[in-house]
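**Q** Dumping the structure here so I can ask a few things about it.
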Amino acid sequence: MQRQAASMKRSLFNQEYLDEQFNELEELQDDANPNFVEEVVNLFFTDSARLIRNIELALANGPYDFGRLDDMMHQFKGSSSSIGAKRVKRECSQFQEYCNGRNIEGCKRAFQGVKQEYATLKTKLDAYFQMAREAS
Amino acid sequence: MSLFHVIGFGLNLLLTLCCWFVSVISMNWLNDGEIMTTKTLLGDGEQIVMKLWEGIAELSSKIYHCYPQYVVAKKWWRKLLIAWVLLWIIVSFSVFWYMSTQAYEKRKETLTSMCDERARMLQDQFNVSMNHVQAMSILISTFHHGRNPSAIDQSTFARYTDRTAFERPLTSGVAYAVRVLHSERKEFEKKHGWSIKRMDILEQTPVHKDDEYDRDGLEPSPIQEEYAPVIFAQDTIAHVISVDMLSGKEDRENVLRARESGKGVLTAPFKLLKTNRLGVIKTFAVYKTDLPSNATPNERIQATDGYLGGVLDIESLVEKLLQQLASKQTILVNVYDTTNISHPISMYGSNVSSDGVQHVSALNFGDPFRRHEMRCRFKQKPPWPWLAITTATGIIVIALLIGQIFHATINRIAKVEDDYQKMMMLKKRAEAADIAKSQFLATVSHEIRTPMNGVLGMLHMLMDTGLDVTQQDYVSTAQASGKALVSLINEVLDQAKIESGKLELEAVCFDVRATLDEVLSLFSGKSQEKGVELAAYISDKVPDVLIGDPGRFRQIITNLMGNSIKFTEEGHIFVTVHLVEEVIESAEEFKMESSLKSTLSGLPVADKRQSWRNFVVFNQEGSCASFASSSLDQINLMVSVEDTGVGIPLEAQSRIFTPFMQVGPSIARIHGGTGIGLSISKCLVHLMKGEIGFVSLPKIGSTFTFTAVFTNARCKNEQKIQQINNQSNSVSSDFHGMRALIVDPRTVRAKVSLYHMKRLGVHAEVVSDLSYLRTENGVTNMILIEQEVWDTDLEKSSLFVKNLRRINASVSPKLFILANPINSSRAGVSANGFPIPFVIMKPLRASMLAASLQRAMGVGNKGNCSNGELPGLSLSKLLQGRKILVVDDNNVNLRVAAAALKKYGADVVCTDTGKKALTFLQPPHQFDACFMDIQMPEMDGFQATKKIREMESDINSRIKLGQLPPEAYGNVSSWKVPILAMTADVIQATYEECQKCGMDGYVSKPFEAEQLYQEASRFFHVKPNQNT
């Protein structure tokens, strides 16, 4: 079981869903707060859900406030990088680039990417935590 | 190539002339009125000239330098070129026309003169003949009519005329006809024995042969009022005797006219009977009496006795005449009888019609009734006017050539302009590419550096875990490589920064000697490994504390020393620092010093004076005095790094400061490095307003020297200086007033030792040999002996030690051996029973020396941590028990950061806005540090920090003024909580930005252990009492 969890994590790393930062998060987990990683990740998911909703609203109809979009995406990117969500982070950067270029179509497209990566990551991580819990 | 240049220069000159010419014309057009008025005023003339020149200069500068106008100029030039060519074509045609006209006129003139000449001569000859004929008429009137009986008969006449024919060369014959009235006819005929014959028939049947001519065949003349039968005739025309002259139509007219006018008259030309050539008959009347010149025609008719006629062969006359004259070949002469203008009768000359030039000269043969003229033409057609043609062609050719040159020049200018534009564009592109390259380099390096920090941090932490020896070795190797990589990246970043001009120097107080010590300690390990002696010497005149950029200063020296140590296998590396003024003043002394034996390690070195021979400071000798005195605060340091390495090959010396250029490709393989160290050093030296130079002799060594300008710290920031001084002097105070003896035969090395002892406040003396030791000079606390001296003669050494003991038992001077890394292996040799002297390993550094002395002499050591010793403590030790405030609006980030800090034992408080952070950090508080996110809504990290700093300074000042009780603020006199920015994108500007608003530094987010450690260690000093 534990091996399974480990191999799953490895595949997450190999597919670049996660990066080194996730390992560091796991390092931070100790007896004092045994569910630290999961807590943080859940925090990330709830936080991100809110952000995604906000961005979606902001993207729904003009006029587009690119500054605000950029700020929100920066937040999202910050938290993504904190948990080591590499692919999400990449999509966020893409979004920010379009945002700097004032390309609303690009933004929308990139946002779809962000959402997709986010959703994938969520399912994968949920499965991983499920497995990790079962393993322990 | 030079020929081409000459031509080019010629073209330019020509063009300038043209340009000048054109501009003068145009200026004339523009200022026509002005010039007209000023022409009279000589004084203004110069002004006009000046104006013109200005105009020209402007014009040419416009043409040459203004690209937007250059297309216009090109069109303008083209028009000018066409105008120029047209002008010259017109000129050449007019020249051609003028010259050919001239030639034509001249030809005509020649013809005229020739023709006139011929006409006159012809006339003269004719007149001469005429005169002879006239003379003959007088003869006849005298001897025929004047005598009775006549003295002349036909035979006489014939003989006479024959014999005098030479006088009348042109007269083929003369005949005399007498006037016979009808009444006298019978008598006359009887008298002569023949009848008067008619002539008109004779005329109608042209006779060919004289002999066959049958006079008797002629019909007798019909009855007329009067007759004019020929009675005498020259033999040549004897056939006309008895022919009535009045019967011929022409002759009759002639005869009648002659007797009326009393002058000679001419017939129209006719074919002569015998010769069949053209001739005229000239007729004179012979009168009975001498008539007055104004006699009426009637009187004349009445007085007429007879008529004398001469046949003139005009053709031969003219021919003869022409033969006499030169240039007969060139001219065609025609003589016409133009009595009837509409039908001129040709008297001479072929009737070749020619439309060439013709000249007509009138001829006067003495007959007013008849008109004659001579028409002359040139035989040949007029020759081509070659002169005119060549001249005109020449002009056209020259004009076209000039035009071509002009055109070529314009094209060339256009091409050059085009090329220039192209070059400019390429240059811009190249520059852009260069900037892009630098930026790319910077970005990439930075991107590499960030993860590298992670790698290093992890390695560092890995080393803290329980590893076996092999693993430890692997990890340390990995870490060393990583560090090398980071330093390399830093170099590249520096280079990029310098290239983009972003590098700015700090201006902070620093201690030069301490800085140099640090560098020395950096290399001490390596030098000991290689057995190279390291030494530093700073002149007394260099102030302790300077203002400048110690980091960059250190970087330069490190680069130079790094290079030196890389290429030096034996001998020494010697860093000296002097004031530039000092060096200038004591140039002679340096000359002495550089003599062979007195180098640090005894190995020969390159003459370091050569390394600064190109420095501007030294080349303007005169100005150095003023330069020294003008700025008292300005300190001009001169640093030399001398080594006894392999030296730089001569062919590589020129590119030593070029980035990425190394002596050879093999260097990088053997010694590593990127080859940008020296280039960076050069840039840094330039930033410090200094110069860098070197001298290098292969196989002997190199000496690099640079100058740098610093400010003397004396006048500013007294407090800070004190602080720095205290730091460095804390150790030295222990040895103040002590005396030392240095035993060293080499002056340079002794000087270094002396310098270090002096820094510790020890009064030292130098002797060159152990046997020089004297005890009279008071108490000696320590004796420092160069290991070389100690080792060479152990016996002497032991004797010396013995002596030492005996002399001074109470205060035994401590013995120290100054050990070279070269012979350090033998340092431990015990000197048979004597206490082993303390060994001080070189390179000498103040702190290290002090520590060694302290250890040996047992003084001080009040727990002062020596500066050189870095606390090898991990991050957790640093952060243990610290109370830290983390500010981030992002919950996830906040959680992660807090957890990371907690892991290192910190007591973490979290907050999510800048405003809340303000309330937390309102003094008094217990926080040791604050980590602040930069990008936050409402109040970002910079704003929050500024607010916090304002708040703190306000409270500090109020405490100082006593408005607030210090007890309420935890007895802390000055509140300043360290604030570190947390940022996800570590861009260059951020650090400056951080400092601007009062932050102490920044850490990247998510945390990297190494970086966090670096930043935190700057203000968290490990205080043992904190741990409680």
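**Q** Yes or no: A:S11 out of contact with any Phe, Trp or Tyr (no Cβ under 7 Å at 6 or more places or on another chain), in a helix (DSSP H, G or I) and facing chain B (nearest Cβ under 10 Å)?
**A** Judged against the criteria, A:S11 is not a match.
**Q** Moving on to the next point. So, of the residues in the range B:701-752 that are in a helix (DSSP H, G or I), among the hydroxyl-bearing types (S, T, Y) and at pLDDT 50 or above, which turns out to be nearest to the chain's Cα centre (by Cα)?
**A** Within the range B:701-752, the match that is nearest to the chain's Cα centre (by Cα) is B:T747.
**Q** Looking at B:V311, B:V333, which one is in a strand (DSSP E or B), more than 23 Å from B:E167 (Cβ to Cβ) and of a type outside the set (G, A, S)?
**A** Testing whether each residue is in a strand (DSSP E or B), more than 23 Å from B:E167 (Cβ to Cβ) and of a type outside the set (G, A, S) leaves just B:V333.
**Q** If only one of B:V512, B:V508, B:V444 is more than 30 Å from B:R759 (Cα to Cα) and not polar (S, T, N, Q), which one is it?
**A** After ruling out the rest, the residue left standing is B:V444.
**Q** I need the full set of residues from the range B:353-411 which are over 60 Å from the mean Cα position of the chain (by Cα) and of a type in the set (V, I, T), in order please.
**A** B:V357, B:V360
**Q** Continuing with this model, one more query. Looking only at residues in the range B:874-920 that are within 8 Å of chain A (Cβ to nearest Cβ) and β-branched (V, I, T), which one is surrounded by the fewest Cβ atoms within 10 Å (Cβ to Cβ)?
**A** B:V892
A quick yes/no check of all residues on (1) modelled with pLDDT under 85; (2) open to solvent by 10 Å² or more (accessible area, probe 1.4 Å):
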site	(1), (2)
B:G531	yes, yes
B:A535	no, no
B:V542	no, no
B:G551	yes, yes
B:F574	no, yes
B:V577	no, no
B:E581	yes, yes
B:I584	yes, yes
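**Q** For A:R102, state whether it is of a type outside the set (D, E) and modelled with pLDDT of 85 or more.
**A** no
**Q** Anything in the range B:818-861 that is outside any loop (DSSP other than H, G, I, E, B) and at pLDDT below 70? List them, or say none.
**A** Those that are outside any loop (DSSP other than H, G, I, E, B) and at pLDDT below 70: B:S824, B:S825, B:R826, B:M857.
**Q** If you don't mind, another one. From the set of residues in the range A:81-104 that are of a type in the set (A, V, I, L, M, F, W, C) and buried (at least 23 other Cβ atoms within 10 Å of the Cβ), which is nearest to the other protein chains (Cβ to nearest Cβ)?
**A** Restricting to residues being of a type in the set (A, V, I, L, M, F, W, C) and buried (at least 23 other Cβ atoms within 10 Å of the Cβ), the top hit is A:I83.
Let's see how each residue does on (1) surrounded by fewer than 16 Cβ atoms within 10 Å (Cβ to Cβ); (2) charged (D, E, K, R); (3) modelled with pLDDT under 90; (4) more than 30 Å from B:S113 (Cβ to Cβ):
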site: B:H372; (1), (2), (3), (4): no, no, yes, no
site: B:A399; (1), (2), (3), (4): no, no, yes, yes
site: B:Q404; (1), (2), (3), (4): yes, no, yes, yes
site: B:D419; (1), (2), (3), (4): yes, yes, no, yes
site: B:A430; (1), (2), (3), (4): yes, no, no, yes
site: B:A433; (1), (2), (3), (4): yes, no, yes, yes
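**Q** Sticking with this structure for a sec: Residue by residue through the range B:678-692, note down the ones that are open to solvent by 10 Å² or more (accessible area, probe 1.4 Å) and either of a type in the set (G, A, S) or more than 22 Å from B:D544 (Cβ to Cβ) (or both).
**A** B:L678, B:K682, B:C683, B:H686, B:L687, B:E691, B:I692
**Q** Inside the range B:177-217, can you point out the residues that are modelled with pLDDT of 50 or more, closer than 23 Å to B:L308 by Cβ and open to solvent by 50 Å² or more (accessible area, probe 1.4 Å)?
**A** Listed by number, the residues that qualify are B:L181, B:H182, B:E184, B:E187, B:K191, B:H192, B:G193, B:W194, B:R198, B:R215.
**Q** Out of all the residues in the range B:553-562, which are open to solvent by less than 30 Å² (accessible area, probe 1.4 Å) and not polar (S, T, N, Q)?
**A** Answer for the range B:553-562, where residues must be open to solvent by less than 30 Å² (accessible area, probe 1.4 Å) and not polar (S, T, N, Q): B:F553, B:I556, B:I557, B:L560, B:M561, B:G562.
**Q** Turning to a different aspect of this structure: If you scan the range A:59-80, which residues turn out to be open to solvent by 60 Å² or more (accessible area, probe 1.4 Å) and within 27 Å of B:V896 (Cα to Cα)?
**A** Result: A:R68, A:D71.
**Q** Shifting gears a bit: Restricting the search to the range A:24-58, which residues are more than 9 Å from every other protein chain (Cβ to nearest Cβ) and either acidic (D, E) or surrounded by 15 or more Cβ atoms within 10 Å (Cβ to Cβ) (or both)?
**A** Within the range A:24-58, A:E26, A:D31, A:V37, A:E38, A:N42, A:F45, A:L51, A:I52, A:N54, A:I55, A:E56, A:A58 qualify.
The values are calculated or read from the model by the stated rules, or taken from the named source; none is laboratory data. All of these numbers come straight from a predicted model, not from anything done at the bench. Heads up, the Cβs are rebuilt from the backbone with ideal geometry, glycines too, and the neighbour counts pull from every protein chain shown. Please note that ligands, DNA and RNA were not included when accessible areas were found on the heavy atoms of the full protein model with its side chains. Shrake-Rupley method; radii C 1.70, N 1.55, O 1.52, S 1.80 Å.
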